[in-house]
1. Would you please name the residue that is surrounded by the fewest Cβ atoms within 10 Å (Cβ to Cβ), looking only at residues in segment 233-249 that are in contact with a helix residue (DSSP H, G or I) (Cβ under 6 Å, 6 or more places away or on another chain) and assigned to a strand (DSSP E or B)?
2. Answer yes or no as to whether R153 is of a type outside the set (G, A, S), in contact with a Leu (Cβ under 7 Å, 6 or more places away or on another chain) and within 23 Å of N247 (Cα to Cα).
3. Scan segment 83-102 and report the pairs whose first residue is farther than 17 Å from H62 by Cβ and whose second residue is surrounded by fewer than 16 Cβ atoms within 10 Å (Cβ to Cβ), with Cβ atoms within less than 7 Å and a gap of 6+ or a chain change.
4. Could you run through segment 239-269 and say how many residues are under 16 Å from G193 (Cβ atoms) and either aliphatic (A, V, I, L, M) or modelled with pLDDT of 85 or more (or both)?
5. Does any residue of segment 184-195 turn out to be within 17 Å of the chain's Cα centre (by Cα) and at pLDDT below 90?
6. Could you please find all residues in segment 132-156 being within 17 Å of the chain's Cα centre (by Cα) and not hydrophobic (A, V, I, L, M, F, W, C)?
7. Only one of V229, V183 is surrounded by 12 or more Cβ atoms within 10 Å (Cβ to Cβ), within 26 Å of Y40 (Cβ to Cβ) and touching a helix residue (DSSP H, G or I) at 6+ places or on another chain (Cβ under 7 Å). Can you tell me which?
Amino acid sequence: MTLIVAAFNKSQVCVSTDTQLTNLSNPADTTEAIKSNYFYCKDGKFLTAYTGNDVYLEDDVHVADWITNLLAPSDIREQHTSDIIQAMVTGLNEKYYYKQTVIDPLTILVVGWVFENGVAKPTLFRITNCETADAKAKAATKQFEVYESHDKRGVIVKGSVQLGVHPQFDSKIKYVRKLLKTVSFTAFRDTIGSSLYDLNTIAHNHPDWGAYIGDKTVYSGIHKRGDGVDAWRFPSGQKDYMLPNFNNGTMSVKGLKVHNDPIEGGSITLDIKR
């Protein structure tokens, strides 16, 4: 399982994921993958990220690409958030219904805003086959459930980690929660993004967690107004990398790759207008 972290306050939402895709039967056999998506629908905008052992829902199609494919045929700007979440749950249940092998755990976080009567309502959906309603771990099943919450700010951590066993890791989470109360709009990416990268580094260096968590992360950030994704790589200095998938009603895109970035570690903003 990878490490995904969602951090959000009233004005901005971000997810941070490592980019290592691990072969569980041979942890030394790893590749790079994007584990996050952005979508903008009729009444909301969200970032998604996944963690789990079942990274391929179809032949050579891992979860982030599967989500992009699932949303691509529809006119997403005419669909409500609730319909999109239900489509994900139904699609996962259909995939798992026919599984004959070991049932693997999978959790997808969907975090952003639902717009109701001109008000942006912070919303988190947790789609999972391996957690209870109160986020306790359970044996993975073929049936996926969705749990919804509406906290104004928070930090959600999922993956190959355990809270309460690594003081430095837990302290960093508390630190980020405090930052979310005071961080300025313009400093959000550099302040929160770099702290989430520090969190990933702690987990990567852990003797038990590290084999499944890469040493590079992708930060994706959105804010309430406009249509666009702020994509950033940690650590800086990377010139070749992948960018998050997105569906925004104008187009559905996956497999975005940057080669020889002229500004090492530079920010690339996807600002697609309908």
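1. Checking each candidate, the answer is F234.
2. Against the criterion (of a type outside the set (G, A, S), in contact with a Leu (Cβ under 7 Å, 6 or more places away or on another chain) and within 23 Å of N247 (Cα to Cα)), R153 does not qualify.
3. N93/Q143; Y97/K142
4. Total satisfying the criteria: 4.
5. No, because not a single residue in segment 184-195 is within 17 Å of the chain's Cα centre (by Cα) and at pLDDT below 90.
6. Matches in segment 132-156: Y147, E148, S149, R153, G154.
7. It is V183.
The values are calculated or read from the model by the stated rules, or taken from the named source; none is laboratory data. Keep in mind that this is a model prediction, so the values were computed, not measured. Please note: Cβ atoms are built from the backbone with ideal geometry, for glycine as well, and neighbour counts cover all protein chains shown.
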